[in-house]
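Accompanying notes for the structure given below.
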Amino acid sequence: IGEVRVGDVVIVRPGEKVPVDGVILEGHSSLDESMLTGESMPVDKGPGETVIGATLNCTGSFRFTATQVGADTALARIVRLVEEAQGSKPPIARLVDQVASVFVPIVIGAALLTFGLWFAFGPAPAFTPALLNFVAVLIIACPCALGLATPTSIMVGIGRGAEHGILIRSGAALEQARALTAVVLDKTGTLTKGELAVKQVVVHGDGWSRDKILQIAASAEQGSEHPIGEAIVKTARAANLALETAKDFAAVPGHGIRATVQGQPVRVGNLRLMETDGLSVSGLEGEVARLAEAGLTPMFVAVGASVVGVVAVADQVKEHAREAVAALKALGLEVVMLTGDNPRTAAAVAREVGIERVLAEVLPEAKAREVKRLQGEGKKVAMVGDGINDAPALAQADVGIAIGAGADVALEAADITLVGGDLRGVSAAIALSRATMRNIRQNLFWAFVYNIVLIPAAALGWLNPILAAGAMGASSVSVVSNALRLRFFTPPA
């Protein structure tokens with residue numbers, strides 16, 4: 001990649017990644033741009049159309065002229081956006097630091113005052129009781145428990161999260177997650193698997209059935225490397241349908257395929273292919289509109305001179321996506337879906353998982369702006385994503401949560417990583433944050449109870465240094481014991 005210069009002609013073969021940005025000179029192919037655009041469907045491209053570095057070439061081979069290399073590529077620009085968003089984050093102020101900045105001077109002042117008063121008004125020899133009470137005040141006020149209150153809970157909380165497949169980058173991220181009020185979810189690869197599957201088969205011709213249409217379409221598609229063809233073949237094989245040998249296979253870029261199965265010409269493709277071959281789709285208009293409205297991609301299946309049915313494919317929603325969204329709502333969070341996909345597909349997925357607010361056709365650069373706009377509404381926002389296109393938004397969010405199977409740049413920009421990719425980990429991470437911060441407040445309470453009650457006792461001479469040391473130790477033990485209770489944390493159902 002480092003040798004490519006602007007103006008160079010680059011050959012990209014099937015299955016290879018596009019190295020830099022450019023414009024196609026010759027050849028056709030389908031490119032998976034989901035990492036950059038969020039679009040789950042591969043995009044068919046030909047001469048004169050642009051290609052983006054780091055996207056995956058699925059099918060054909062093509063030549064393109066490099067137009068942007070190095071720091072000027074779309075990927076490099078996204079990386080810069082990540083760095084800018086990371087640099088704009090304010091440091092999270094620690095509650096214990098704020099308390100200690102006031103507490104320590106007060107304690108030292110109280111100890112000196114105790115020494116002075118006992119030395120001035122205490123029984124002779126005044127120096128001995130003054131010194132003992134001075135030491136007792138300092139010992140009982142020793143901020144050991146105060147110093148243990150925060151780091152011990154955070155250490156246990158982060159460790160417990162790791163046991164549940166939630167990798168938390170820092171205590172700051174764990175603390176910040178407690179205050180979240182909104183969660184933004186990417187669609188492709190986060191709510192969905194990023195893999196196409198056959199959702200519906202519409203029967204149109206007499207004497208045809210769902211399995212028969214699927215069988216002949218899969219038989220014709222066996223020679224195809226297009227993800228739609230692969231989804232049809234995979235579904236047919238999963239249904240244990242016997243596939244026939246296809247002959248005269250020919251891919252029509254951007255439209256579909258033609259082949260001969262059992263001596264009959266078979267076409268599987270979009271409306272454009274049917275019109276080009278003079279085939280009527282009369283009577284299927286309503287079904288096709290319904291499928292498209294549901295966010296599915298309809299592919300007509302024609303055998304001989306007639307269209308016999310429609311096979312509709314779509315990205316698959318993850319098994320626990322709806323459950324994960326419900327868990328987030330149960331925590332009182334607003335859930336928003338943010339995607340580069342088209343509004344129709346986005347709305348269909350949102351309905352399936354139970355999300356009301358959808359932001360569709362959002363470019364990678366605009367995702368961070370959308371998160372910032374939500375923050376401008378006074379919300380504390382978490383962004384959950386997996387692709388390069390999500391990285392700026394992950395960095396801009398108050399808490400960025402990356403899916404463990406995602407791109408490295410997304411993982412690098414995130415504050416929390418879900419190792420297994422299970423979306424239920426988002427609600428678990430937030431619940432763990434709340435439990436940890438509640439535990440820290442309890443620790444601080446117990447640390448201060450000893451001080452509030454026993455500092456006056458030490459100052460009045462009721463507590464000698466030996467008893468003060470024992471009480472100080474008990475304070476530390478109580479704080480650590482309370483922090484260890486987090487080991488029994490379990491994610492909410």
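The values are calculated or read from the model by the stated rules, or taken from the named source; none is laboratory data. The structure displayed is predicted, hence computed values, not measured ones. Cβ sites come from the backbone with ideal geometry, for glycine too, and all protein chains shown count toward neighbours. Ligands, DNA and RNA are stripped out before the accessible areas are found, and what is left, the full protein with its side chains, is counted by its heavy atoms. Shrake-Rupley method; radii C 1.70, N 1.55, O 1.52, S 1.80 Å.
Structure summary
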| item | result |
| --- | --- |
| Of all residues making up the stretch 421-435, the number that are modelled with pLDDT of 90 or more and either in contact with a Cys (Cβ under 7 Å, 6 or more places away or on another chain) or farther than 13 Å from Val183 by Cβ (or both) | 3 |
| Boolean, Ile455 is touching a residue at least 24 places away in the same chain (Cβ under 8 Å), out of contact with any Gly (no Cβ under 6 Å at 6 or more places or on another chain) and within 24 Å of Ala130 (Cα to Cα) | yes |
| Count of residues meeting criterion [surrounded by fewer than 24 Cβ atoms within 10 Å (Cβ to Cβ) and either farther than 20 Å from Ala321 by Cα or β-branched (Val, Ile, Thr) (or both)] in the stretch 418-432 | 1 |
| Residue that is farthest from Ala346 (Cα to Cα) [pool: residues in the stretch 268-303 that are in contact (Cβ under 8 Å) with a residue 40 or more places away in the chain, over 33 Å from the mean Cα position of the chain (by Cα) and open to solvent by 30 Å² or more (accessible area, probe 1.4 Å)] | Gly283 |
| Residue among Ala350, Ala368 that alone is in a helix (DSSP H, G or I) and open to solvent by less than 10 Å² (accessible area, probe 1.4 Å) | Ala350 |
| One residue from Thr245, Thr190 being farther than 13 Å from Val301 by Cα, touching a residue at least 12 places away in the same chain (Cβ under 8 Å) and open to solvent by 70 Å² or more (accessible area, probe 1.4 Å) | Thr245 |
| All strands (runs of 3 or more DSSP E) inside the stretch 251-341 with 1 or more residues being among the basic types (Lys, Arg) and farther than 30 Å from Thr181 by Cβ | 256-261, 264-269 |
| Residue in the stretch 251-260 that is modelled with pLDDT of 90 or more and over 40 Å from the mean Cα position of the chain (by Cα) present | yes |
| Tally of residues being among the basic types (Lys, Arg) and more than 17 Å from Ser427 (Cβ to Cβ) across the stretch 128-177 | 1 |
| Filtered residue count, the stretch 112-140, keeping only those that are under 55 Å from the mean Cα position of the chain (by Cα), crowded, with 17+ Cβ neighbours inside 10 Å and over 19 Å from Ser475 (Cα atoms) | 1 |
| Residue, modelled with the lowest pLDDT, within the stretch 24-35, restricted to residues that are more than 26 Å from the chain's Cα centre (by Cα) and open to solvent by 50 Å² or more (accessible area, probe 1.4 Å) | His28 |
